[in-house]
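Below: the structure, in structure tokens.
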Amino acid sequence: MIRDVEVLVIGGGPAGLCAAKAAADSGAHVLLLERDDTPGGQLVKQTHKFFGSERQFAGTRGFQIGEMLVDEINAHENIELMTDATVLGMYEDGIVTVLKDEKHLKLRPVKTIIATGAAEKFLTFPNNDLPGIYGAGAVQTLMNVGGVKPADKVVMVGAGNIGLIVSYQMLQAGVEVECVVEALPNIGGFLVHASKLRRAGVPILTRWTVKEAYGNGKLEGVILCQLDDKWQQIPGTEKDVPCDTLCLAVGLTPLAELAWQAGARCEYIRELSGHVPICDENLMTTVEGLYCAGDVSGIEEASSAMVEGRLAGYAVAVALGYDVENAQKEVDAAKAELVELRSGPMGGKIRAGIAKVEQKRGEA
Amino acid sequence: MLINDGIPTAEDLAKVLPSEERLNKGPIAITECFQEIACNPCVAACPHHAISMEPDINATPKVDPDKCIGCRVCVAKCPGLAIFVVDMTQSEGTAAVTFPFEYIPVPEKGQLACGLNRAGEEMGWFPVLRAVSGGKKNLTYMITLEVPKELAMEVRNIKAGGYRDGK
């Protein structure tokens, strides 16, 4: 049996939650699918205060924003939330198949918003398969969701926001953070996060990398070394750092497979960190009625993901004819917010990525 | 340099430090926020409208030395934990430095804590004058430490735990 759905939102993270709420507030009926057993996405483990402005809940901790959004979704009569529900495929005829409780569901949505987020990248070096080598996301889940101290002594790879924030949270959990190593010449994350770590005594080593890991059956230490301007390891700079955990925070890549499957045009755009669907200014892909919001269309801060979710949700409402005047106002407001969030020096990369998307769109 | 080790330089600090004349008048907030990022909760947090950000949310904050009374409200509100309050009038030889703190255990008033500078180096043991919670939702503590005047622009944190009792 095929179930008809008015608005299908795939993914219950910051973008998906905001998209569902925006569409439902306008009067549309929404089915929100979440693969995990609880909604919230990465917000559930963000114990730091968010940046941005009041409209993106700045100053509030990420998990508190998640709780707030989930409460609103649960209380909303126009939204049905389905957890433990994994989307398996999107077909040319518009049918979406879902695995839920060992059952294969078939949905026929009028509009779909993909908000599947991103996956962590990995790093290649000898013995990188030793137990004790984690992605930063896993460490954060162990600590902040499971309440488990994930390590005694850790080396963090990556001084972007995730590497800096997870290092800080490990310090808070009582883990000894030996150092943060970063291959780039500069710290990529917010400098206030870096300063916070540094004044707690954690060195941040730029132009350093992991040469290899070692250990008998589990991680016992890593060999770090310096890099030259051409990214080559400098012989003689090796440093042996004993540790029981190595944490990798070397970037994210968009989870755009569903958009591919549905036939949306995707392109590799370096500044957006991978293959991304080419979307218009309302975040609609090249497939009519199929939208993308959040990290799936380019890696950015969670604040922007929430605004993109709102933008896509209201754009869908306009397209369906719900509360059009107000929804259009909200679409325009969300666009203006995104311009503001991306207008500073830290937004240079995302602006360049979006410019490339616009150029590709023009070529079609 | 700040951009590759996380430690603000003297040139960075020169942009945000109040004049000596103002420092000698009483407590004032110092925003050690040097990077243009999209963030502005400090502006709304200030009950005295002493913090401004122009032209937009991406600018770094500016503290009006005449309006700021050093009330410390902004210290727990800044998401970057980058605002400090320095009171050079604590006593003849000492200053009171207030900074945000998010570790356990939290020191108690009267205990001695090990002060750390911006590089995390130990600067000595100093009395805790105040340890105030930012609230149930905010969860950041504001710790005020009494340090010798010459360390007022150095001490920016304490080592978590190992606090000593009394003098």
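The values are calculated or read from the model by the stated rules, or taken from the named source; none is laboratory data. Because the structure is a prediction, the values reported are computed rather than measured. Using ideal geometry, Cβ is built from the backbone for each residue, glycine included, and neighbour counts are taken over all protein chains shown. Keep in mind that these areas ignore ligands, DNA and RNA; they rest on the heavy atoms of the full protein, side chains included. Shrake-Rupley method; radii C 1.70, N 1.55, O 1.52, S 1.80 Å.
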Quiz item: Checking B:Met88 against (1) modelled with pLDDT of 95 or more; (2) more than 19 Å from B:Val155 (Cα to Cα); (3) in contact with a helix residue (DSSP H, G or I) (Cβ under 8 Å, 6 or more places away or on another chain), which test does it fail?
Solution: (2)
Self-check item: Neighbours by Cβ (under 9 Å, 6+ apart or cross-chain): first from the stretch B:40-69, within 22 Å of A:Ser303 (Cα to Cα) and among the β-branched types (Val, Ile, Thr); second open to solvent by less than 40 Å² (accessible area, probe 1.4 Å) and outside any loop (DSSP other than H, G, I, E, B)
Solution: B:Val43/B:Ile51; B:Ile57/A:Gly52; B:Ile57/A:Leu341; B:Ile57/B:Cys39; B:Thr60/B:Thr31
Quiz item: Mind checking whether some residue in the stretch A:152-165 is more than 20 Å from the chain's Cα centre (by Cα), open to solvent by 10 Å² or more (accessible area, probe 1.4 Å) and either within 11 Å of chain B (Cβ to nearest Cβ) or hydrophobic (A, V, I, L, M, F, W, C) (or both)?
Solution: no
Quiz item: Among the residues of the stretch B:114-125, is any part of a strand (DSSP E or B), modelled with pLDDT of 95 or more and surrounded by fewer than 16 Cβ atoms within 10 Å (Cβ to Cβ)?
Solution: yes
Exercise. State which residue is nearest to the other protein chains (Cβ to nearest Cβ) when the search covers only the stretch B:92-109 and only residues that are under 9 Å from the mean Cα position of the chain (by Cα) and not aromatic (Phe, Trp, Tyr).
Key: B:Pro100
Practice problem: Kindly provide the set of residues from the stretch A:15-31 that are within 19 Å of A:Leu258 (Cβ to Cβ) and out of contact with any Gly (no Cβ under 6 Å at 6 or more places or on another chain), ordered by number. | Solution: A:Gly16, A:Leu17, A:Ala20, A:Val30, A:Leu31
Quiz item: Pick from the stretch A:175-202 the residues that are part of a loop (DSSP other than H, G, I, E, B), more than 8 Å from chain B (Cβ to nearest Cβ) and out of contact with any Ser or Thr (no Cβ under 7 Å at 6 or more places or on another chain): which of them is surrounded by the fewest Cβ atoms within 10 Å (Cβ to Cβ)?
Solution: A:Gly188
Exercise. Report the residue count in the stretch B:47-91 for those that are more than 12 Å from the chain's Cα centre (by Cα), buried (at least 22 other Cβ atoms within 10 Å of the Cβ) and part of a loop (DSSP other than H, G, I, E, B).
Key: 4
Exercise. Only one of these is open to solvent by less than 10 Å² (accessible area, probe 1.4 Å) and not assigned by TED's automatic domain parsing to the domain that holds A:Gly160: A:Ala256, A:Ala213. Name it.
Key: A:Ala256
Quiz item: Of the residues A:Gly132, A:Gly94, A:Gly137, which is modelled with pLDDT under 95, of a type outside the set (Ser, Thr, Tyr) and in contact with a strand residue (DSSP E or B) (Cβ under 7 Å, 6 or more places away or on another chain)?
Solution: A:Gly94
